[in-house]
Amino acid sequence: MVERIDGALFSRMIVSAAAAIEAERQAVNELNVFPVPDGDTGTNMSLTISAAAAELKKSAPEALGQAAGSAAQALLRGARGNSGVILSLLFRGFARVAKELPVMDGLQWAEAMREGVQTAYGAVMKPAEGTILTVSRVSSEEAYEFAQSNRSPDAVLETMLQSAQRALAETVHQNPVLQAAGVIDAGGRGWVIILSGMLAALRGQDVVSSGGEVIDAPREKAQFGSFSTEDIKFAYCTEFIVTRAKKGRDPRRLQAFLETAGDSLVMLDDAELIKVHIHTNHPGKVLEEALFCGALTSVKIENMKEQHSEQVVRQEETHRKVPPSKKYGFVAVCAGTGVEAVFRDLGADELVSGGQTMNPSTEDILRAVDKTPAEVVFVLPNNKNIILAAEQCVPLTDKMVVVIPTKSIPQGISAQLAFDPQAELSDNREAMEAAMSRVNTGHITYAARDSQYDGRDIAAGDHMSLLDGALLFHDPDRGLAVRALASQMAQKNPSFITVFYGEGVSSEEAAATGAVFEQECPGAEVGLINGGQPVYYYLVSAE
């Protein structure tokens, strides 16, 4: 377990966080109703932290303080939107504490995060609770208290993440706008995703920019059409950086002017530059006033009324219903490019991204059902935790929805293989459920932390082999876990075994795994497919 965070590890954590928020930026956008329903918080936070990731990849600093400083400077210059600027301020305060440190433990991490929160609150002219400010404040305080007795960076960051998740759930009750919309705060959600991405890298499970959802997220969405564009009081989101002139006007005069020129004001003033974010109706006047302090270097102006209107149109388009042009259709829930390709080849009309640790909502599945051009739509949840969400779609659409209760990807594939387009509905349902019941599903996965499963103590770093959900074996050696699963599957006397290998598994390792199954199950035909799935190194189907 990591005891200290150095510059290289911190850089990996930022890169992983950037990949995590990049993957979920649209989900965060769909929560964005405060302070303005313009639907860009996820994009802004992603672009902001991506600027730091790009800088750290280029400079590769070894010392923690140097890495934190480089990240903070890149974040400040790349900050976009209200939440993006606040994000940059969190890391700016963090960098101030980390400045002289070659490495950092968990207590120092928590101290630095507390300073980041204070920096953010100090720069926001009218802090609102139930936002990223609240989530970061509550989580940093709880992490700091925890770190007094446990200075492990892993444990401290996990505490911070869990606290942030709890604080995020409360935001819907803390902010009247969020409560009216029935959603959690978008910026707070983005911060939780960033913390999760950093923790993943700390544990050696770096998130990479490969698309798809990566966090187990509530997928509620704001209805942008319920907000009137005319209710947006200040139309222009205006952001800029001023390089301070030696004889420039006192920045306090600029601040006094800005406080009367709009709302959502965030202003950071340091020795070299001034960073401003404001919503205003007169961006030209704001920029003219800023010129008295120095030269403008980075200016961005966006019309939030237009952004809101575009979100309304986009949301209406995504909820369109496609009329039936055939009798039967399929919606499958899955993740991984190779797995998705298999379902497509078998005739799935729509795919919903999801699976273990990233369960889609009923609305996600319903949207796919409505886009499927069929009278009867079979839904393959492919995970026991998604079956209920799929079943909720039945009364919500004019189409007939039939949920085949598949609990794994192999079960879903077998069910779809058993489908006969010429057969009656009842016969197809019976055949698919019978086919899925004949499948045994194996998983090889990794324990991210110490835990218990099936009454057994699992150590962080153990590889686990499971068969039909039951834990067979766990050990740090992945090869032994594979051998244990193959040996147990051999007792089922399978005729066909298909091994889907996941993201991060090389073709050479996959071939060696296939050879293990051939040795242990000599009577079975063994096939290998690059599934590209997350979470599981291997998904194994035995029939």
Express as a percent, rounded to the nearest 5, the fraction of DSSP beta bridges in segment 372-525 (both residues included) that run antiparallel.
70 percent
How many Å² of accessible area per residue for the chain, probe 1.4 Å?
42 Å²
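Roughly how big is segment 326-439's charge dipole about its Cα centre, with Cβ charges of +1 (Lys, Arg) and -1 (Asp, Glu), in debye to the nearest 20? Walk me through the intermediate numbers first.
On the way: 10 positive and 15 negative charges, 46 e Å.
Dipole of segment 326-439, to the nearest 20 debye: 220 debye.
Tally Lys and Arg at +1 and Asp and Glu at -1 over the other residues with C-beta under 14 Å from the C-beta of TYR328: what net charge comes out?
That sum, taken over residues with Cβ under 14 Å, equals -2.
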In percent, how large is the relative contact order of the chain, given Cα pairs closer than 8 Å and 6 or more residues apart?
11 percent
Can you give the accessible area of LYS371, probe radius 1.4 Å, in Å² rounded to 10?
70 Å²
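Over 29 Å between Cα atoms: which of LYS57/LYS126; LYS407/LYS492; LYS300/LYS371 fall into that group?
Values: LYS57/LYS126 35 Å; LYS407/LYS492 19 Å; LYS300/LYS371 37 Å.
Exceeds cut-off: LYS57/LYS126; LYS300/LYS371.
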Apportionment of accessible area to carbon and sulfur, the chain, percent (1.4 Å)
49 percent
Would you mind calculating the relative contact order of segment 400-543 from Cα pairs under 8 angstrom and at least 6 residues apart, reporting the percent as a whole number?
23 percent
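Expressed as a rounded percentage, what relative contact order does segment 347-408 have, with Cα pairs under 8 Å and six or more residues apart? Write down the numbers at each step before the final one.
Numbers: 90 pairs, mean separation 22.0, N = 62.
Worked out over segment 347-408, it gives 35 percent.
Suppose every Lys and Arg Cβ carries +1 and every Asp and Glu Cβ carries -1, with no other charges. What dipole size does the chain come out with about its Cα centre, to the nearest 20 debye?
Values: 48 positive and 70 negative charges, 312 e Å.
Roughly 1500 debye for the chain.
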For segment 125-198 and segment 275-299, what is the separation of their C-alpha centers, rounded to whole Å?
31 Å
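To the nearest 0.05, what FRET efficiency results for GLU62 and LYS99 with a Förster distance of 22 Å applied to their C-beta separation? Kindly include the intermediate steps, with their values, before the conclusion.
Working: r = 15 Å, r/R0 = 0.68.
E(calc), rounded to 0.05, equals 0.90.
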Of MET160, MET125, MET400, which has the most accessible area with a 1.4 Å probe, and how do the rest follow in descending order?
MET400, MET125, MET160
By how many degrees, between 0 and 90 and to the nearest 10, does the Cα long axis of helix 64-78 differ from the longest principal axis of the chain?
80 degrees
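Among DSSP beta bridges lying fully in the chain, give the percent that are antiparallel, nearest 5. Each step should come with its number before you reach the end.
Values: 49 of 69 bridges.
Close to 70 percent.
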Provide the percentage of antiparallel DSSP beta bridges, counting only those with both residues in segment 447-539; round to the nearest 5.
60 percent
Most positive-pole-ward Cα, LEU485, PRO534, GLY42, against dipole of the chain from beta carbon charges
GLY42
Can you give the accessible area of HIS173 in Å² (nearest 10), computed on protein heavy atoms with a 1.4 Å probe?
120 Å²
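Determine the calculated [θ] at 222 nm for the chain from helices alone, applying -39500 (n - 2.57) to every DSSP H run no shorter than 4 residues and normalising by the residue count; nearest 500 deg cm²/dmol.
Values: 20 runs with 257 residues, N = 543.
Here the helix-only value at 222 nm equals -15000 deg cm²/dmol.
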Length gain on complete extension for the stretch MET125 to LYS300, per 0.36 nm per residue less the alpha carbon to alpha carbon distance?
61.0 nm
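Just to make sure I understand: if all protein chains stay in place, what is the order of LYS321, LYS126 by accessible area at 1.4 Å, largest first? All intermediate terms of the calculation are to be shown ahead of the outcome.
Numbers: LYS321 115, LYS126 175 Å².
The ordering from most to least exposed comes out as LYS126, LYS321.
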Please list LEU396, LEU202 in order of solvent-accessible area, largest first, computed with a 1.4 Å probe with all protein chains present.
LEU396, LEU202
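The values are calculated or read from the model by the stated rules, or taken from the named source; none is laboratory data. Not measured: the values here are computed from a predicted model. Every residue, glycine among them, receives a Cβ derived from its backbone with ideal geometry; neighbour counts consider all protein chains shown. Just so you know, the surface numbers come from the protein's heavy atoms only, side chains and all, with ligands and any DNA or RNA stripped out. Shrake-Rupley method; radii C 1.70, N 1.55, O 1.52, S 1.80 Å.
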